[in-house]
1. Shape verdict for the stretch 51-208, please, from the Cα gyration tensor: rounded (a/c under 1.5), prolate (a/b greater than b/c) or oblate.
2. Ranked highest first by the average count of other Cβ atoms within 10 Å around their residues, in what order do 226-237, 43-54, 192-203 fall?
3. Could you tell me which of rounded, prolate or oblate describes the stretch 26-69, using a ≥ b ≥ c as the square roots of the eigenvalues of the alpha-carbon gyration tensor, with rounded for a/c under 1.5 and, failing that, prolate when a/b is larger than b/c and oblate otherwise?
4. Check the chain and count each lysine pair with an alpha-carbon distance under 25 angstrom, considering only pairs eight or more places apart or from different chains.
5. Compute the Cα gyration tensor for the stretch 1-130, then decide on rounded, prolate or oblate, letting a ≥ b ≥ c be the square roots of its eigenvalues: rounded whenever a/c is under 1.5, prolate when a/b is larger than b/c in the other cases, and oblate in all that remain.
6. Of the peptides 83-95, 287-299, how do they stack up when ordered by the mean number of other Cβ atoms within 10 Å, highest first?
7. So what is the 222 nm mean residue ellipticity for the chain from helices alone, if each DSSP H run of at least 4 adds -39500 (n - 2.57) and you divide by all residues, rounding to the nearest 500 deg cm²/dmol?
8. Quick one: putting +1 on the C-beta of Lys and Arg, -1 on the C-beta of Asp and Glu, what dipole do you get for the chain around its Cα centre, in Debye to the nearest 20?
Amino acid sequence: MPTVETVLGPVEASRLGFTLSHEHVSLSMGNDARHYPWRFDWEATRTNAIRELSEAKAGGVGTIIELTTPDLGRDVTFMRDVARETGMHIVAATGIWRDVPRSFWARELDDIADIFVHEIEIGIEETGIKAGVIKVANDVGGVTPEGERVLRGAARACKRTGTPISTHHWAPEQVGRRQVELFALEGAPMDRIAIGHSGDSTDVGYLEALLKAGVYLSMDRYPGGPGRPNWEQRNETVKALIERGWVERLMLGHDHAPTHVLKGRPGYTPSSPTRYLHLSTVAIPAMLASGVSAEDIHTMTVDVPKRFLLGEA
Ligand SMILES: [Zn+2]
C-alpha cells in the first residue's frame, strides 16, 4: 500500500480523502511566535487551531497540505498536537518561503538540497516528523537571486527523493513562467511540481502555458477578494481550464491559517469567515450548479492531490 508522510507518520494514500492543496495550521512571519512567545496566548491559539481543524474535518476535509516553512514560522510539534486532537491528516513541508535566510544566499545548491532531503528522509528538527512536500516562493518582482538558489536546491531535492514541490507565485506578474523555466533547467520532473496561488490569475492563456509544461496548478486562495480575483472569478477560471481538458492537473485550496492570539486580547477572531470550508460550502456547490461534474470535483479534490503527493503517473 503506498503511503504519504504526515505529521503523525505515514498514512495510506487511499485514506487521505478530500485534500486541500495549500493551507496552514500555524503561520508566523519572521518566526515571531518562537522568538517572542511572550506576546502570544498559546492556549487560545491552540484552541483556535483545533476548533478550525475540527470544523474542517466535520465538513468533510480529510487532509491538508500544510505549506509553512521555517521563515514562515513552521512548528511541526504544534501541527502534530492538533493533528492528534482533530484526526486531520497534515502533510508538512520543507523548503523556504520569501524570506530566504541569509545563510542560504551563498550556500551551495547541493547543500540546500541536502537540508531539504534531510527533512524529507530523516525528519524536521529532532522530531522525526518527515516532510511530504517541498515549498518555494517567488513573489512581486519575480525570482530574486536568492529565491533562485532555493528553487534550484528544491529541484535537486525533488530529483533525489521524488518528493513534490509546491510553489507560491505572484500570478499577476506571471512569475510561474520563470519558476517552470528554472525547474526545467535543473531537469526536475515537471509532473512532481505544482505552481501555487495560480487562482490569483484569471488569464487562462497564461495558466494553460504553465500546464503545457507538465506541471500541476494549485488553484488556491479561495475565497479571494479585494485586489485579487473573487471566488466567482476563480470558479470561472477553474471551469474554463476543465473545459480545455486540464482537470487531471488541478487542485483546490484556501491558503487559510488560524490566527495566533495575542496576549491580553482574548476572544476568537478567525482570519476568514469560512476558514477551511469556503470550497466545500460555497465554491464547489456553485461549480456544480454551473455544470462542473461531481466526478471532476472528486478528481480535483481527491485523485489529483493523492497523485501529486505520491508521484504516480
Ligand atoms: Zn500559503
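1. oblate
2. Descending packing order for the listed peptides: 192-203, 43-54, 226-237.
3. It is oblate, given that a/c is not under 1.5 and a/b is not larger than b/c.
4. Total qualifying Lys-Lys pairs in the chain comes to 13.
5. Oblate is the answer for the stretch 1-130, as a/c is 1.5 or above yet b/c matches or exceeds a/b.
6. Descending packing order for the listed peptides: 83-95, 287-299.
7. -10500 deg cm²/dmol
8. In debye, rounded to 20, the chain gives about 240.
The values are calculated or read from the model by the stated rules, or taken from the named source; none is laboratory data. Note that this is a predicted model, so its numbers are computed, not measured. Note that we place each Cβ from the backbone using ideal geometry, even for glycine, and neighbour counts take in every protein chain shown. Remember, those area values only see protein heavy atoms, side chains included, never the ligands or the DNA or RNA. Shrake-Rupley method; radii C 1.70, N 1.55, O 1.52, S 1.80 Å.
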